[in-house]
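The values are calculated or read from the model by the stated rules, or taken from the named source; none is laboratory data. Remember, it's a predicted structure, so these values are computed and weren't measured experimentally. Methodologically, a virtual Cβ is constructed for each residue, glycine included, from the backbone with ideal geometry; neighbour enumeration extends over all protein chains shown.
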């Protein structure tokens, strides 16, 4: 009985793995078709890796993005909308993922401060506003044992709205992973 249960469990895992792989293939195929329609070519069978590339992204930044999408179910996130901005708490109990996640948060805040928009394929339109209004944002970061707290405020109403919208978008990415990113990419190219 134990062998049968183990065999059924392993068979079920293999079937679910195959379904997940097939769904990922279907998503990649749909993205590639859409990119052909936008004149972006096929990109040489790179799978989803092209979604993490930008105008000047580094391999380390692309690895951080991949790690967060692959491990999105291990990330917890809370957002408090403040009258003049946001306070986010983003954490994971996975030490390797935490390192990638915190590095990404710090790196992206630094990019915004410097005005170095990476224009990643899956990037939300909301980031355009944050890069444009970067001088109007005050950011505080505080590490936690399992992640990072970020508080961002502004006296500019457009910037506050963009901060709050972007925080919600990132929470959706943490909750739904690549599906959320694919939707953001499609919105950007419409």
- Message: Testing residue 134 on (1) touching a residue at least 24 places away in the same chain (Cβ under 8 Å); (2) surrounded by 16 or more Cβ atoms within 10 Å (Cβ to Cβ), one condition comes back false. Which one is that?
- Response: (1)
- Item | Residue under evaluation residue 116, criteria (1) under 27 Å from residue 74 (Cβ atoms); (2) at pLDDT below 95; (3) over 17 Å from the mean Cα position of the chain (by Cα), criterion not met | (1)
- Filter region 59-90 down to residues that are assigned to a loop (DSSP other than H, G, I, E, B) and within 16 Å of the chain's Cα centre (by Cα), then give me how many there are. 1
